1. Please count how many residues of the range 257-283 are closer than 17 Å to GLY309 by Cβ and of a type in the set (Gly, Ala, Ser).
2. Kindly indicate which of PHE210, PHE235 is in contact (Cβ under 8 Å) with a residue 12 or more places away in the chain, of a type in the set (Phe, Trp, Tyr), within 16 Å of ligand 2 (Cβ to nearest atom) and in contact with a Gly (Cβ under 9 Å, 6 or more places away or on another chain).
3. Of all residues in the range 345-376, how many are in contact (Cβ under 8 Å) with a residue 40 or more places away in the chain and surrounded by 16 or more Cβ atoms within 10 Å (Cβ to Cβ)?
4. Do the conditions hold for GLU390, that is, is it loosely packed, with under 15 Cβ neighbours inside 10 Å, farther than 18 Å from SER46 by Cα and either among the basic types (Lys, Arg) or outside the structural domain of GLY434 (by TED's automatic domain parsing) (or both)?
5. The conditions are (1) at pLDDT below 90; (2) farther than 16 Å from GLN323 by Cβ; (3) within 16 Å of ligand 1 (Cβ to nearest atom), and ASN214 fails exactly one of them. Which is it?
6. Among the residues in the range 185-202, are any modelled with pLDDT under 95, more than 16 Å from ligand 2 (Cβ to nearest atom) and either in contact with a helix residue (DSSP H, G or I) (Cβ under 7 Å, 6 or more places away or on another chain) or not polar (S, T, N, Q) (or both)?
7. Pull up the range 252-294, narrow it to residues that are over 24 Å from the mean Cα position of the chain (by Cα) and within 16 Å of ligand 2 (Cβ to nearest atom), then point me to the one that is nearest to PHE235 (Cα to Cα).
8. State which residue is farthest from VAL333 (Cα to Cα) when the search covers only the range 435-462 and only residues that are among the polar types (S, T, N, Q) and assigned to a helix (DSSP H, G or I).
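The values are calculated or read from the model by the stated rules, or taken from the named source; none is laboratory data. Since we're looking at a predicted model, the values are computed, not measured. Cβ placement follows ideal geometry from the backbone for every residue including glycine, while neighbour counts extend to all protein chains displayed.
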Amino acid sequence: MPKNAKLKISDPSIERSVLYVGEKEIIAASTGILKEEGWSIIYAPSLAEAPQYASKSGALVGVVGFSQKEFVDHAHRVELMLAQSTMLKWIALIPPNAAEQPAFRQLIGSAFYDYHTLPLDALRLSITLGHAFGMAEMTADTFQGGQWDLHHHPESQMVGASDQMQKIYQEIRKVAGVEAPVLITGESGTGKELTAQAIHERSTRKEGPFIAVNCGALPANLIQSELFGHEKGSFTGAHERKIGRIESATDGTLFLDEIGDLPMDLQTNLLRFLQEKTIHRVGGRQDIEVNVRVLAATHINLEAAIKDGRFRQDLYYRLNVLQIKMPPLRDRVGDIPLLAQYIFTRFSDEKAHRVKGFSEEALHAMNHYDWPGNIRKLINRVRRAMVMCEKFLISPVDLGLERRTNSRMQVTLNEARDSAEASSIRGALAQSRGSVSMAARQLGISRVSLYRLMEKHGISKS
Ligand SMILES: Nc1ncnc2c1ncn2[C@@H]1O[C@H](COP(=O)(O)OP(=O)(O)OP(=O)(O)O)[C@@H](O)[C@H]1O
Ligand SMILES: [Mg+2]
């Protein structure tokens, strides 16, 4: 989380940026007054590029000057693009008779914070901008410090406005304040490591090191010495004393990733360390006291691993004092366009110059894909599409999401039924925020049936 996460309450003596998209003539006569009122106008060449310009300038409010008919014709596209920049509050400037057109009215009503009819009254606009700015600040707070603020700690940015992510932000804040271990669970690519970093950065240990160890990636013969260190001459090849990863996390946080892959004998050693807060290096005799906070993550079900005899139950209890369960991307209602736009902005220097954003079809395809591999996969797909795209807007084909839609035709009826069933259940559970009774009512089945179907499809409550 960026250290400057909290936005300050607005101070009128500080210049505030406002993004403008549309013909410059529309506001040309008002720029003087707006400037006097403390607004600095940033001109974005198109709506698709608005998030990028907002990111650079830190703007929280935007104005769209509608004059061309083209805007009316593309009302739906405008709406989608505005929906992608949820951090910004938009104000529309519209020609006198535009409000009479149903498509236009709908667009203004759904995507804009407010509108003004032309010709423009600059002072009135300044007041509306002030209100919109205040509201945007409120929203920005809940976004954990502004997704557009890409200049600080890009690795620890967490994007997401869904209820599921709001809950995660709250949990991160709560567990950051205590010293107990936290177990972070969730499918691959859901942001477990990012969450661990966020906990560290919000804790009193933030000035200390954050040491991540992937327990699955260490070679079995070296893992003991990697974690605990060794003394000189303790085994062939130990030419020098080596400080292990646990010790190097002193006064900071140790993140044990893929803890489920830790071999049994190491589990025993780790348990001893967690109980006694001391280690001894391989070949060493003395106990060394080590002050670290332990966070662990796993994408496997540790309870099943305990049943299979692959994971120590006592170690599980030690690590699982507090638990954070990362939601899969397919359950995070509304976050996919937000993340896609964030990835687009973050990797914009890699993209082909002509590429300006996502097509409606691409947004639709992303929203309806299941995303096994979650955010990691979304990042890969979007980055690839940004390079491969040959048009102005990224299409489902560029994202590799087209084939799936075509092959839908070839699935068996049973497969189609299963997939429809699973997605209805996921949708109902997401809407009822994990309440099984409410979801069952919505689906028109009993709770028992719903539990059975959830088990059949491997769906969990939240
Ligand atoms: N909320 C988020 N906002 C933006 N980027 C995110 C978010 N969550 C995850 N990411 C990004 O997605 C990628 C995967 O995240 P991370 O490595 O934390 O997931 P993980 O759960 O540890 O995955 P794995 O199980 O594959 O190790 C990273 O590049 C991370 O920066
Ligand atoms: Mg990981």
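1. 1
2. Working: PHE235 fails: within 16 Å of ligand 2 (Cβ to nearest atom).
One residue alone meets the criteria, PHE210.
3. 11
4. Working: loosely packed, with under 15 Cβ neighbours inside 10 Å: yes; farther than 18 Å from SER46 by Cα: yes; either among the basic types (Lys, Arg) or outside the structural domain of GLY434 (by TED's automatic domain parsing) (or both): yes.
So GLU390 passes the test.
5. So the condition that ASN214 fails would be (1).
6. Yes, the range 185-202 has at least one match.
7. In the first step, residues of the range 252-294 are kept if they are over 24 Å from the mean Cα position of the chain (by Cα); the result is 252, 260-293.
When the remaining residues are screened for being within 16 Å of ligand 2 (Cβ to nearest atom), the result is 260-262.
Numbers: GLY260: 27, ASP261: 25, LEU262: 22 Å.
This residue is LEU262.
8. SER449
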